[in-house]
1. Would you check which residues across segment 187-205 are assigned to a loop (DSSP other than H, G, I, E, B) and of a type outside the set (S, T, N, Q) and list them?
2. Just the residues that are open to solvent by 50 Å² or more (accessible area, probe 1.4 Å) and β-branched (V, I, T), please, taken from segment 228-266.
3. K138 versus (1) closer than 21 Å to V44 by Cα; (2) modelled with pLDDT of 90 or more: which is the lone unmet condition?
4. Where in segment 1-89 are there strands (runs of 3 or more DSSP E), lying wholly inside it, with at least 1 residues that are at pLDDT 90 or above, of a type in the set (K, R) and open to solvent by 80 Å² or more (accessible area, probe 1.4 Å)?
5. Here are P341, P355: which of them is under 28 Å from Q215 (Cα atoms) and not hydroxyl-bearing (S, T, Y)?
6. Does any residue of segment 280-290 turn out to be at positive phi and either modelled with pLDDT under 95 or open to solvent by 40 Å² or more (accessible area, probe 1.4 Å) (or both)?
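The values are calculated or read from the model by the stated rules, or taken from the named source; none is laboratory data. Keep in mind that this is a model prediction, so the values were computed, not measured. Quick reminder, even Gly has a Cβ in these numbers, built from the backbone with ideal geometry, and neighbours come from all protein chains shown. Quick note on the areas: whole protein, heavy atoms, side chains included, nothing else; ligands and nucleic acids left out. Shrake-Rupley method; radii C 1.70, N 1.55, O 1.52, S 1.80 Å.
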Amino acid sequence: MAKLERSLAIDIGSTAVRISEFEFPASGGLILHGFQQADFDSQVSEANRMEVITRALVEAMGNGDFSTRKASVCVSGQAAFLRFVNLPPVSEEESRIKQIVEYEAKQNVPFPMDEVIWDYQLLAGAEEELEVMFVVIKNDIVESIIDAVGNAGLSVHIVDFAPSALYNVARANHIGDNGCGMVLNIGGRCTALLFLDGQRFFARTIPIGGFSITQQIAKEFNISTEEADTLKRRHGFVALGGAYEEPESEVAATISKIVRNVMTRLHGEVNRSISVYRTQQKGNKPSHLYLSGGSSTMAYTDTFFSEKLRMEVSYFNPFKIVKIGESMDVKQLEKVAHMMPESVGLALRSSLECPVEISLIPETLRKSQSFATQKPFLVASFCIWLSIFAIVFAVKSKTATLFKDTSQKKKANVERLNNIKIQINDAEDKQKKVFAQFNSIKELLDRRYDWSNFLNALQLHKPQDVWLERVTKLTKPKTASSKSKRKSKKSNPFARQKKGKSKTAGRNDYAWFSIVGRAIAIPSTKPPRKIYTDEQVKKFESILGNLKIENAEIALDAGAEAQKELENYKGFWASNVMESDMILPEVFLESLQWSEMFSDNPDETRILETNFNEKTRNLTTFKIQLRLENPIITKR
């Protein structure tokens, strides 16, 4: 990409657009010559995104005196899907690495790949791992933004992602050089949390921002969001709590408590992210927090996080590496400095090579840019072809005889090639038959472990004091009564998503089974007898520990409640004590429903009958019906 003398950095947030003009002198560095901000006149949605952004851009461009029309664009972290994946080290050529990364992207991206724009960045990970950051965004989001920029009379040459732009400017300001530092960018609709730990990088987008406070104020006072936003700007600050005196105004006191409640939720997410970074990413403990973003300047925000996190907190100043143009109003710039990090990060992308370079340019724009660079060569080629055509036309009469002879030779070659084509078609037909036989054999080989996997799953989920007497194929499974109160575990937001579709069972396939067994209550012992062995519990915890939510919307909505639910599951296996054998069949059933192998539908996988022995008072017989998600095929 040719180096630009000047460029516009357009930061498109969730509530406003910010346009900054930077100059890139030959001596190096950045010079800021202009800045304008325009709020959206209505809430952005899928239907009106382009129109709302266009109006804001036109307003900002009209209020500013910008000298260039070339722009780099930064999209909000809320609009994209961000994921970090650890891969084994790859010592192969670059094309092979890209194939591996693309395969992993398809496994982790929750959208069809033909509907998204995606890019990745290789990061410094642990010694024996390769860490990859994926960024995925819907095609229509980026294309509507680029259309809006074009409607404002601007041309786009870079489409970046807010967290990566924020990381680049933080690295340029040497954050994280001497220990692990965090940047918390509190925006309108979401918050970006970055970890900078030497050359290492980790980020998370948290769906809590300034609008969360506005919503709570509107709900508390039963007013519109516009009125609530006005109250927030006028009275909003973070209540300090404890022995601090409340303000005299009852409205201000209420709003400050609402702000503190939202900030407390945000602090909980930050704490959880620190734990994930230290345990899963093997990162160092953060020692400093830098605040930025439009919602970070609310009074006492830095004090709140300093007390909660017990670390030094300061505001991020991105202008340490930027010179201010003579025409700029420094005092006015100080008021918006906290909202400028992404704009400075965008400017760095236009002037030098950055640590993280994510490109979310659509294929249509990429082809258009490629055509623009090739246009001079195409014009020259066209002129050359015109000259050639003139020469050919001048000697046409002399070449007529030669053309006739050549056409006859070509005809003979065509006939020869047609014969070869017939031979190739015959060979392809034979190849298809061989592949059909191969696939048939391969299918049989792939299913040779089905029975052992089935029996191993039963053994894994069977409590200690339960034994099985008979496993029988069912040809006519029984459906549960409409009065059944058991619920599918899919009501749990952390329930695994079943991959693919269950295969339909044929006459020779095994899909339904009945299991007959007995459960016995061992008299009280010290210590109490456990339901599952320690080895079984470790396997359960491993399954829960590796659990991934593949639906991004569920992951965002789950929040703290879903995490608490997961901890409850882990707590159940940790206690692992039960004295009555009456509920052991229920425990066995619940564990089977949790297994990926069996259906979790309570109308399918369920207890058909239980019988309690009144004489022994400690023996229960039971019969459980099971349905396999993928039937065991015995013959085709």
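1. G187, G188, R189, C190, G198
2. Selection gives T230, V251, T264.
3. K138 satisfies every listed condition except (2).
4. Qualifying strands (runs of 3 or more DSSP E): 70-75.
5. From the options P341, P355, the qualifying one is P341.
6. yes
Matching residues to (1) assigned to a helix (DSSP H, G or I); (2) open to solvent by less than 50 Å² (accessible area, probe 1.4 Å); (3) not aromatic (F, W, Y):
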| residue | (1), (2), (3) |
| --- | --- |
| K106 | yes, no, yes |
| F111 | no, no, no |
| W118 | no, no, no |
| E131 | no, yes, yes |
| S144 | yes, yes, yes |
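Residue-by-condition table, conditions (1) more than 26 Å from the chain's Cα centre (by Cα); (2) in a loop (DSSP other than H, G, I, E, B); (3) of a type in the set (S, T, N, Q):
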position: P247; (1), (2), (3): yes, yes, no
position: E269; (1), (2), (3): no, no, no
position: P286; (1), (2), (3): no, yes, no
position: K308; (1), (2), (3): yes, no, no
